[in-house]
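Here is the structure we will look at.
The values are calculated or read from the model by the stated rules, or taken from the named source; none is laboratory data. All values reported here derive from a predicted model rather than from experimental measurement. Methodologically, a virtual Cβ is constructed for each residue, glycine included, from the backbone with ideal geometry; neighbour enumeration extends over all protein chains shown. Ligands, DNA and RNA are excluded from the accessible area calculation, which covers all protein heavy atoms including side chains. Shrake-Rupley method; radii C 1.70, N 1.55, O 1.52, S 1.80 Å.
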Amino acid sequence: MANVPSPALPKVFVALDMDEAKVAPFIDALDGLDLGLKVGMELFYQSGPGLVRDLAKRFPIFLDLKLHDIPNTVQSAAARIADLGVGLTTVHAAGGASMLEPLGALERDDFKFLAVTVLTSMSEGDMAKLGVQDSSPAQRVDRLFNLAKSSGISGFVCSPLEVQALHQQMPTGTFVTPGVRPAGSAADDQTRIATPSDAMASGATSLVIGRPISKAPDPRAAAEAILAELADG
Ligand code: C5P
């Protein structure tokens, strides 16, 4: 599998964490901007693959379903996803090498996998209750990053605080980073945040940004301001 980030990936994927009814007016407001859209479980389980196919005709799509099952099931599901016209999709690195290794055969120039290491919602206490022997989430991130890397995965979802260390270990990797907040905007429920330009400077190749755009009084202006910040940086 080529360890090269797709040049076609937009710098910003806007998280469509919203009801289906709100999607059409929201993306109409973003029409023509150099953005991608992230579709997660909430919208996918409401609206399904038909909506994803339609969205993919207008914007690059990151379909974030975090696959984790036996290798045969993940491979079959991933092959279906590859047919939807999306550019990125996620798998849990914790599924192990036997689940990750066959995915390389499904990658194309315009379709790549991103591995999720440790969910940022997991604390050290949560990991201890699972019987995970790694002493900290950071150690666990490192272990799962190396497992995915040696299984041929070259793209990762990671927090702005992890991205620098991972990018240094894999300078040509794809690193997609949520937890991004423009200076002065509300953190909401995110705790480990960085500004768009700081996250990119740390090695992120694309950012996922939701509420700073979707909840802004003028979503298009908010998106344009972020794109202008990144163009300046
Ligand atoms: O609104 P906000 O910018 O916080 O949205 C961030 C998006 O990135 C949400 O869709 C959230 O589920 C996702 N995400 C995250 N942290 C992770 C993985 C995904 O915030 N570790």
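Would it be correct to say that L9 is aliphatic (A, V, I, L, M), touching a residue at least 12 places away in the same chain (Cβ under 8 Å) and in contact with a strand residue (DSSP E or B) (Cβ under 8 Å, 6 or more places away or on another chain)?
Yes.
Mind listing just one residue for me: the one in segment 35-60 that is in contact with a strand residue (DSSP E or B) (Cβ under 7 Å, 6 or more places away or on another chain) and outside any helix (DSSP H, G or I) and, of those, surrounded by the fewest Cβ atoms within 10 Å (Cβ to Cβ)?
Top of the filtered list is G40.
Considering only segment 143-151, I want to know if a residue exists there that is within 16 Å of the ligand (Cβ to nearest atom), closer than 19 Å to S202 by Cβ and open to solvent by 60 Å² or more (accessible area, probe 1.4 Å).
The answer is no; no qualifying residue exists.
Step by step: first the residues of segment 184-218, then only those that are acidic (D, E) and at pLDDT 95 or above, then the one that is surrounded by the most Cβ atoms within 10 Å (Cβ to Cβ). Which residue is that?
D198
Sort out which residues of segment 167-182 are out of contact with any Pro (no Cβ under 8 Å at 6 or more places or on another chain) and away from the ligand (no atom under 15 Å from the Cβ), and write them in order of number.
Within segment 167-182, H167, Q168, Q169, M170, P171 meet the criteria.
For residues that are not in a loop (DSSP other than H, G, I, E, B) and not aliphatic (A, V, I, L, M), scanning just segment 18-34, find the one that is most open to solvent (accessible area, probe 1.4 Å).
Selected residue: K22.
Of all residues in segment 173-189, count the ones that are at positive phi and touching a Lys or Arg at 6+ places or on another chain (Cβ under 9 Å).
Residues meeting the conditions: 2.
S185 is checked against (1) part of a strand (DSSP E or B); (2) within 12 Å of the ligand (Cβ to nearest atom) and fails just one. What number does that condition carry?
Looking at each condition in turn, S185 falls short on (1).
Of everything in segment 15-51, what is free of Cβ contacts under 8 Å to residues at least 60 places away in the same chain and within 15 Å of the ligand (Cβ to nearest atom)? Give them in sequence order.
Across segment 15-51, the qualifying residues are D19, K22, V23, L37, V39, G40, M41, E42, L43, F44, Y45, Q46.
Here are the criteria: (1) open to solvent by less than 40 Å² (accessible area, probe 1.4 Å); (2) at pLDDT 95 or above. Tell me which single one A221 does not satisfy.
Here A221 meets the rest and fails (1).
Test A105 against the criterion of being open to solvent by 10 Å² or more (accessible area, probe 1.4 Å) and closer than 30 Å to F59 by Cα, and give yes or no.
Answer is yes for this residue.
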